[in-house]
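Read through the structure below, which is laid out as structure tokens, and then see the notes.
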Amino acid sequence: MEQTPIHEMHNPELLSLIPPHSKKLIEIGCSSGALAREFKKISPSAHYFGVEIDPDYALSAQRYCDETLVLNIDEADEIFWNSKADRDCWIFGDTLEHLKNPWAVLGNICTLLPKGGSVVACIPNAQHWSLQVRLNMGDFRYENEGLLDKTHLRWFTRQTIIEMFDEAGFQIEAGLPRIFQDPNAEKYFPIIGEMAKLSGVDPQMAISDALPLQYVVRAVKK
């Protein structure tokens, strides 16, 4: 299947949650290497390892990563996991939702992550108001990128992101919602709130959870 289009932009919120003292980082789904480029400005001496499923993307990322590897992390073997036991920061920038088994991948990381290590991730929000509207219309069509990226295999909300990390042995110590303003959003909030009320949940929380396009989190071992 064709991959999500490559681009040279980085995610500033994701960058802000990467511990600046990290010495050996690994990014799963490093795309063009844009995030590596920006982190290297903060910590030039850090070793940044990029993993990509697309050989052309991995080649592009070599401009900024110290090393790159073409690999589908879902299919990583014991040799790979053992060789990365020294990595103190694992990064998933809109990658976990593309995996067949993100729960198992995070579980593997938890078993080998050194003391003081962390996982930093950006994950799309399946509870976003625009998806709720499109579902109501029956207009759930895959696209080349965005929330309905045709390469997405898994879907998460704020609640299930927390649960996924918890089940893998992590606790989320920091998080940021990525909210992009849209003038069309507010007219749907009363409806979202009413649905929440009818379902027996907090209407204001439901509206709040419908705002972020993505969540950025940093997790550490429990």
Gain on full stretching of the segment that runs from Lys115 to Gln171 - 0.36 nm per residue minus C-alpha separation
18.8 nm
Accessible area per residue, Å², region 95-182 with all protein chains present, probe 1.4 Å
50
Taking protein heavy atoms only, a 1.4 Å probe, and rounding to whole percent, the accessible area of region 115-185 owed to carbon and sulfur comes out at 48
Tell me which DSSP H helices of the chain clear both cut-offs, 15 Å or more of axial length from alpha-carbon atoms and a mean Kyte-Doolittle hydropathy of at least -1.0.
102-112, 158-168
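Semi-axes of the equivalent ellipsoid of region 135-216: what are they in whole Å, largest first, if each equals the square root of 5 times a C-alpha gyration tensor eigenvalue? Write out the running numbers ahead of the final one.
On the way: eigenvalues 100, 74, 36 Å².
Output for region 135-216: semi-axes of 22, 19, 13 Å.
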Could you tally up the Lys pairs in the chain with alpha carbons closer than 24 Å? Skip any pair fewer than 8 positions apart unless they're on separate chains.
24
Subtract the Cα-Cα distance of Leu153 and His47 from 0.36 nm times their separation in residues, and report this length gain in nm to one decimal.
35.1 nm
List the trypsin sites (Lys or Arg not before Pro) within region 135-216 that fall in a DSSP loop (any state other than H, G, I, E or B) and whose Cβ has at most 14 other Cβ atoms within 10 Å.
Arg141, Lys150
Hand me the chymotrypsin sites (Phe, Trp or Tyr not before Pro) from region 139-219 located in a DSSP loop with no more than 13 other Cβ atoms within 10 Å, in residue order please.
Phe140, Tyr142, Phe180
For region 78-186, the Cα convex hull volume per residue in Å³ comes to 121
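Between Met137 and Ser83, 0.36 nm times their residue separation minus their Cα-Cα distance comes to what?
This chain segment gains 14.6 nm when fully extended.
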Sorted largest first, the C-alpha extents of the chain along its principal axes in whole angstrom are 51, 36, 32
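The values are calculated or read from the model by the stated rules, or taken from the named source; none is laboratory data. Given the structure is predicted, the values throughout are model-derived calculations rather than measurements. Please note: Cβ atoms are built from the backbone with ideal geometry, for glycine as well, and neighbour counts cover all protein chains shown. The protein model used for the area step is the full one, side chains on, heavy atoms only, and it has no ligands, DNA or RNA in it. Shrake-Rupley method; radii C 1.70, N 1.55, O 1.52, S 1.80 Å.
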